[in-house]
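The values are calculated or read from the model by the stated rules, or taken from the named source; none is laboratory data. Since the structure is predicted, the reported quantities are computational estimates derived from the model, not experimental observations. FYI the Cβ positions are ideal-geometry reconstructions off the backbone, even for glycines, and counts take in every protein chain you see. Quick note on the areas: whole protein, heavy atoms, side chains included, nothing else; ligands and nucleic acids left out. Shrake-Rupley method; radii C 1.70, N 1.55, O 1.52, S 1.80 Å.
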Amino acid sequence: MNGLRSRLRTADLLGLGLHGLRSRPMRAVLSALGIAIGIAAMIAVVGISTSSEALVKQKLAALGTNLLTATAGSDFFGKDSELPADAIDRVRRIDGVEQASWSATLADVHVYRNALIDPGATGGLTVVAADLDLLAATGTGLASGAWLNGATEQFPVVVLGAKAAERLGIVTIGSAVEIGGRQFTVAGILDPSPLAPELDSVAVVGGPIAAELFEFNGSPTVIYERSADDLVEQVREILPATINPESPTEVKVSRPSDALAAKNTIDQAFTGLLVGVGSIALLVGGIGVANTMVISVLERRQEIGLRRSLGATRGHIRSQFLVEAILLALCGGIAGTAIGWVITAVVAGANGWLVAVPPAVLAAGVVATVVVGAVAGALPAARAARTSPTAALNA
């Protein structure tokens, strides 16, 4: 006659695991808290990083990645060179070029709030001449006022960059500033320019008035060019020779969007470091779960002996304590995932970002806690299974 084999149903197994947690709630909460902190740190770090990355991608999509800037380099002897005055006309004739503009820094010309300011207190601000297509080419917007036009570029009218207006204390359109010993009327204030940050700290005047008052010779300092997306690299290759046919090596060409992409890469590397720190916190939480389960096994030896004497096998005991450890870690993981998401939402909201936490990251956080709980509970569960019923009942 075959003996009856003891069985433990899944529902009963889960019930036993939950009973073990409910019997010592404070200890369970503190152990789960260690797991929750580790997972919350990892979710928050990844979530904040992905939300910031989403903002960068959104900005790049809005601003475009097809902007190239060309500046003068140095000649063979190391002296600063100049871009030809007619370079912009040649650039506009390149196949695929959609927009082209220029700006030119006016040497020894500075902008001041008024004539009483010390000439040495420039505040790091410069004055540039520019053509009328500058905003369109660089993707820069107007915070207030108006941009230069065919009439105002010929008169003492200026448009200030975002930082320039802030440092000069200009908030009202129509205010006057001092440029080169002459009063200029502020017609507009620019928004910060992500792709052309050099425009944030300048005062922009028209080319004709710059030539009249400051002996501007028409040579640009920076040329901004936009082309069709699929032709950017092709245009980049021929741009130096087009701008300066005699000395193409003296022309430097860069792609501003690459700087934003590089910043995002650096942020991702820093995120990896912080995820590593969060992993350490998760490891500490796992050790806390293991410690809790070891103590639980020692305290419940009589329960183990009684269950063994009633027919529970070693496998049942092992499964009971393993499930208890997994449930403990799972509770901490779910709580930590929720806390991490809330932290991400708060930080993203404070910075005006989109909340972009990949669902796979949330799922991975919960799965990671299950794995940590299983590993942490394996040794205590095995120890409980090896406990002798007789010795346990006599404990």
Name the residues in segment 201-222 that are over 22 Å from residue 244 (Cα atoms), surrounded by fewer than 22 Cβ atoms within 10 Å (Cβ to Cβ) and touching a helix residue (DSSP H, G or I) at 6+ places or on another chain (Cβ under 7 Å), would you?
201, 208
Any residue in segment 152-164 that is free of Cβ contacts under 8 Å to residues at least 24 places away in the same chain and either of a type outside the set (Lys, Arg) or open to solvent by less than 60 Å² (accessible area, probe 1.4 Å) (or both)?
no
Sort out which residues of segment 107-118 are assigned to a loop (DSSP other than H, G, I, E, B) and in contact with a strand residue (DSSP E or B) (Cβ under 8 Å, 6 or more places away or on another chain), and write them in order of number.
109, 110, 113, 114, 115, 117
The listed residue being assigned to a loop (DSSP other than H, G, I, E, B), at negative phi and either at pLDDT 80 or above or not aliphatic (A, V, I, L, M) (or both), out of 65, 69:
65
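Results for (1) in contact with a Cys (Cβ under 8 Å, 6 or more places away or on another chain); (2) among the hydrophobic types (A, V, I, L, M, F, W, C); (3) at pLDDT below 75; (4) not in a helix (DSSP H, G or I), shown as yes or no for each residue.
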| residue | (1), (2), (3), (4) |
| --- | --- |
| 290 | no, yes, yes, no |
| 297 | no, yes, yes, no |
| 305 | no, no, yes, no |
| 316 | no, no, no, no |
| 321 | no, yes, no, no |
Residue by residue through segment 223-254, note down the ones that are surrounded by fewer than 17 Cβ atoms within 10 Å (Cβ to Cβ), within 26 Å of the chain's Cα centre (by Cα) and not in a helix (DSSP H, G or I).
254
Residue 348 versus (1) open to solvent by 10 Å² or more (accessible area, probe 1.4 Å); (2) under 36 Å from the mean Cα position of the chain (by Cα); (3) modelled with pLDDT of 80 or more: which is the lone unmet condition?
(1)
For the condition modelled with pLDDT of 80 or more and either under 38 Å from the mean Cα position of the chain (by Cα) or over 30 Å from residue 239 (Cα atoms) (or both), what is the one hit in 74, 101?
101
In segment 181-199, is there at least one residue being crowded, with 23+ Cβ neighbours inside 10 Å and part of a helix (DSSP H, G or I)?
yes
Residues of segment 319-345 classified as open to solvent by less than 40 Å² (accessible area, probe 1.4 Å) and β-branched (Val, Ile, Thr), total
3
Taking the conditions exactly as written (at pLDDT 80 or above, touching a Gly at 6+ places or on another chain (Cβ under 6 Å), open to solvent by less than 50 Å² (accessible area, probe 1.4 Å) and closer than 19 Å to residue 54 by Cβ), does residue 369 satisfy them or not?
no
Subset of segment 89-136 [farther than 18 Å from residue 203 by Cβ and surrounded by 21 or more Cβ atoms within 10 Å (Cβ to Cβ)]:
91, 100
Residue 175 being without any contact (Cβ under 8 Å) to a residue 24 or more places away in the chain and out of contact with any His (no Cβ under 6 Å at 6 or more places or on another chain):
yes
So the check is Cβ under 9 Å with 6+ separation or different chains; which pairs have a first residue in segment 77-106 that's assigned to a strand (DSSP E or B) and a second one that's open to solvent by 30 Å² or more (accessible area, probe 1.4 Å) and of a type in the set (Val, Ile, Thr)?
102/221; 103/221; 104/221; 105/126; 105/221
